[in-house]
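The values are calculated or read from the model by the stated rules, or taken from the named source; none is laboratory data. Nothing here was measured: the structure is a model prediction, and the numbers come from that model. With ideal geometry, Cβ positions are generated from the backbone for all residues, glycine too; neighbour counts draw on all protein chains shown. These accessible areas exclude ligands, DNA and RNA; they are computed on the full protein's heavy atoms, side chains included. Shrake-Rupley method; radii C 1.70, N 1.55, O 1.52, S 1.80 Å.
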Amino acid sequence: MHQLIIFGPPGVGKGTQAQLISEKLNLFHLSTGEFLRKAIAEKTELGIKAKETVEAGSLVPDDIMIGIVKEALEKNITADCQSAGFILDGFPRTLEQAVALGKIFEQMNFKNVKVLHITVNEDEIVNRLLKRGRTDDTEKTILHRLKVYKNSSKKVIDHYKNNGNCIIEVDGTGEIDEINKKIHALLGK
Ligand code: AMP
């Protein structure tokens, strides 16, 4: 069973790669960003609460995010034997989220979680995001999201290093297909 976390800065291609990987390996794909955007579009209670924060590129509070992920994993993994595991995309983003996720994994008996860490240089990221054109892809918000990422990402990666998780480093520069092939080779598929 593949138990994956895809981690990296905004615009590195996490969403695209997570989608491709989940299709090929039949994984449950949870993108917390997509989850929030859907809630915002549907104007649910969560969406109304989170709208301003997401559009400003800041982080939605940890307790809300942890609740979303816990519920989604419990609903989709234990009850659904169809999927061969999961890929988390956009979560965890803070040390607190990573620690809480570790507890959820323990409860659910997921012992082989791997972290796919994708990186590219910052200029490339800004260019990619400006082309994408989501409502949170203005230059100001992009720079803010990069800052938010820099503030919390090292602690998250260090947490996984210190816990002995397998971290797979991937250079995300280049074509989608090429990067995808590299990832599958590294995952052993
Ligand atoms: P993404 O699609 O992963 O780039 O996420 C888009 C936005 O959703 C982020 O800029 C945050 O505002 C919010 N978001 C997504 N995942 C998280 C998370 N794990 N913790 C806090 N906020 C999140």
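Table: residues versus (1) outside any helix (DSSP H, G or I); (2) under 18 Å from the mean Cα position of the chain (by Cα); (3) among the polar types (S, T, N, Q).
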position	(1), (2), (3)
VAL115	yes, yes, no
ILE118	yes, yes, no
LEU130	no, no, no
ASP137	yes, yes, no
THR141	no, no, yes
LYS147	no, yes, no
ASN151	no, yes, yes
ILE157	no, yes, no
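Out of (1) open to solvent by 70 Å² or more (accessible area, probe 1.4 Å); (2) more than 10 Å from the ligand (Cβ to nearest atom); (3) in contact (Cβ under 8 Å) with a residue 12 or more places away in the chain; (4) assigned to a helix (DSSP H, G or I), what's the single condition that is false for VAL99?
(1)
Please state which one of LYS161, LYS155 is touching a residue at least 24 places away in the same chain (Cβ under 8 Å) and open to solvent by 100 Å² or more (accessible area, probe 1.4 Å).
Testing whether each residue is touching a residue at least 24 places away in the same chain (Cβ under 8 Å) and open to solvent by 100 Å² or more (accessible area, probe 1.4 Å) leaves just LYS155.
Across segment 36-55, which residue is farthest from HIS2 (Cα to Cα) among those that are open to solvent by 90 Å² or more (accessible area, probe 1.4 Å), part of a helix (DSSP H, G or I) and of a type in the set (Asp, Glu)?
GLU52
Inside segment 66-90, can you point out the residues that are touching a Gly at 6+ places or on another chain (Cβ under 9 Å) and within 29 Å of GLY133 (Cα to Cα)? Don't jump to the end; show me each part of the working.
Step one: of segment 66-90, the residues touching a Gly at 6+ places or on another chain (Cβ under 9 Å) are 77, 89-90.
Within segment 66-90, ASP89, GLY90 meet the criteria.
Check ASN121 against each of (1) touching a residue at least 24 places away in the same chain (Cβ under 8 Å); (2) open to solvent by less than 80 Å² (accessible area, probe 1.4 Å) and name the one condition it does not meet.
Result: ASN121 fails condition (2) only.
Residue pairs, Cβ under 6 Å, 6 or more apart or interchain, first in segment 66-93 and among the acidic types (Asp, Glu) and assigned to a helix (DSSP H, G or I), second at pLDDT below 90 and within 16 Å of the ligand (Cβ to nearest atom). List them.
none
Does segment 17-35 contain any residue that is more than 10 Å from the ligand (Cβ to nearest atom), assigned to a loop (DSSP other than H, G, I, E, B), open to solvent by 50 Å² or more (accessible area, probe 1.4 Å) and farther than 17 Å from LEU101 by Cβ?
Yes: one or more hits.
Out of (1) within 13 Å of the ligand (Cβ to nearest atom); (2) touching a strand residue (DSSP E or B) at 6+ places or on another chain (Cβ under 8 Å), what's the single condition that is false for ARG93?
(2)
Could you list all residues from segment 124-133 that are open to solvent by 70 Å² or more (accessible area, probe 1.4 Å) and either within 17 Å of ASP89 (Cα to Cα) or in contact (Cβ under 8 Å) with a residue 40 or more places away in the chain (or both)? Steps first, answer last, please.
First, pick out the residues of segment 124-133 that are open to solvent by 70 Å² or more (accessible area, probe 1.4 Å): 127, 130-132.
If the condition is that a residue be open to solvent by 70 Å² or more (accessible area, probe 1.4 Å) and either within 17 Å of ASP89 (Cα to Cα) or in contact (Cβ under 8 Å) with a residue 40 or more places away in the chain (or both), then ARG132 is the only one that fits.
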